[in-house]
Amino acid sequence: MSEPRNGFVFYQSWWTAIVNLPRDIQGEVLTAIIEYGLYGETTDNLKPIARTVLELVKPQIDANNTKYENGKKGAEYGKLGGRPNKSETPAKPQENPRETPKE
């Protein structure tokens with residue numbers, strides 16, 4: 001990630017999975033998710049359960065960050081005025097015969 005984010009999406013399903021863990025593991029998991037969501041960083045010294053939960057959550061955070069970055073690109077292009085108007089249809093017919101010439 002190029003720059004720290006101001007926020008990220010935290011899903012209720014993640015909390016449903018985390019709430020049943022022991023308190024010390026909950027804190028470690030939540031801290032790891034928050035650090036990864038905001039800064040894109042992880043620590044190597046996580047307990048195995050915390051590392052497992054983080055690995056399950058990381059793909060969704062990455063996908064959300066990709067959507068966010070692509071949305072910023074779209075906003076930049078939108079500021080340029082959008083798609084140009086279609087050109088008018090030519091007044092005279094083109095050189096496309098309706099029938100195939102017989103040779």
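The values are calculated or read from the model by the stated rules, or taken from the named source; none is laboratory data. If you're wondering where the values come from, they're calculated on a predicted model, not measured in any experiment. Backbone-built Cβ (ideal geometry, glycine too); neighbour counts: all protein chains shown. Surface areas here come from the heavy atoms of the whole protein model, side chains and all, with no ligands, DNA or RNA. Shrake-Rupley method; radii C 1.70, N 1.55, O 1.52, S 1.80 Å.
Below, the figures for the structure above:
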read-out: LYS58 vs. criteria surrounded by 10 or more Cβ atoms within 10 Å (Cβ to Cβ), farther than 23 Å from ASN6 by Cβ and at pLDDT 75 or above; value: no
read-out: Residue match in the range 4-13 (condition: of a type in the set (Ser, Thr, Tyr) and assigned to a loop (DSSP other than H, G, I, E, B)); value: yes
read-out: The range 77-86, subset of a type in the set (Lys, Arg) and in a loop (DSSP other than H, G, I, E, B), residue modelled with the highest pLDDT; value: LYS86
read-out: Residue within the range 63-76 that is open to solvent by less than 60 Å² (accessible area, probe 1.4 Å) and at pLDDT 90 or above present; value: yes
read-out: Residue match in the range 25-40 (condition: part of a loop (DSSP other than H, G, I, E, B) and out of contact with any Phe, Trp or Tyr (no Cβ under 6 Å at 6 or more places or on another chain)); value: yes
read-out: Residue ID - surrounded by the fewest Cβ atoms within 10 Å (Cβ to Cβ), chosen from residues in the range 40-50 that are free of Cβ contacts under 8 Å to residues at least 12 places away in the same chain and more than 22 Å from the chain's Cα centre (by Cα); value: ASP44
read-out: Residue that is nearest to LYS72 (Cα to Cα) [pool: residues in the range 5-39 that are open to solvent by 90 Å² or more (accessible area, probe 1.4 Å) and of a type in the set (Phe, Trp, Tyr)]; value: TYR39
